[in-house]
Ligand code: SF4
Ligand code: SF4
């Protein structure tokens, strides 16, 4: 499986305005503790394709030991190279890809996750993999 192209570290930036996963999945009944991150209209909250794309992604890169320590151990890959995945799906992802998703560790997610941009090459590849239509850059 082709994974999203690696992102340049110097391209990393706070993407809370473009990648708007929420920390808790909203249910049909409504979850009282939903923490919205980013604009409610972001397509990321109804996508999650790039969080379920490759078994070895997301990888850790420039995180400090202190930052990595904030990620719950059961969600870290055995070889400590990145997030633990179940097949291709990051285990921090909750919800259903293409419908409603959340990142359960949004505030402490890896650097590469922060670099994801709506409509970039990796986004388009991941969405196509899940049969989702392409999105224009945010
Ligand atoms: S694939 Fe694109 S739209 Fe979907 S969650 Fe990732 S960045 Fe957002
Ligand atoms: S850590 Fe969060 S944002 Fe990163 S791939 Fe996993 S679910 Fe997605």
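So is residue 2 over 13 Å from the mean Cα position of the chain (by Cα), at pLDDT below 95 and within 25 Å of residue 138 (Cβ to Cβ) or not? Explain how you work it out, then say what you get.
Values: over 13 Å from the mean Cα position of the chain (by Cα): yes; at pLDDT below 95: yes; within 25 Å of residue 138 (Cβ to Cβ): yes.
Spelling it out, residue 2 is indeed over 13 Å from the mean Cα position of the chain (by Cα), at pLDDT below 95 and within 25 Å of residue 138 (Cβ to Cβ).
What are the residues in region 50-82 that are in contact with a helix residue (DSSP H, G or I) (Cβ under 6 Å, 6 or more places away or on another chain) and within 16 Å of ligand 1 (Cβ to nearest atom), if any? Within region 50-82, 50, 53, 58 qualify. Residue count for region 72-118 satisfying the condition of being near ligand 2 (Cβ under 8 Å from one of its atoms), in contact with a strand residue (DSSP E or B) (Cβ under 9 Å, 6 or more places away or on another chain) and assigned to a loop (DSSP other than H, G, I, E, B): 6. Which residues, taken from region 34-71, are within 14 Å of residue 86 (Cα to Cα) and either at pLDDT below 95 or assigned to a loop (DSSP other than H, G, I, E, B) (or both)? Of everything in region 34-71, those that are within 14 Å of residue 86 (Cα to Cα) and either at pLDDT below 95 or assigned to a loop (DSSP other than H, G, I, E, B) (or both) turn out to be 53, 54, 55, 56, 57, 58.
Just one of the numbered conditions (1) without any contact (Cβ under 8 Å) to a residue 24 or more places away in the chain; (2) surrounded by 14 or more Cβ atoms within 10 Å (Cβ to Cβ) is not true of residue 95: (1).
The values are calculated or read from the model by the stated rules, or taken from the named source; none is laboratory data. Nothing here was measured: the structure is a model prediction, and the numbers come from that model. In this analysis, Cβ positions are derived from the backbone assuming ideal geometry, glycine residues included, and neighbour counts consider all displayed protein chains.
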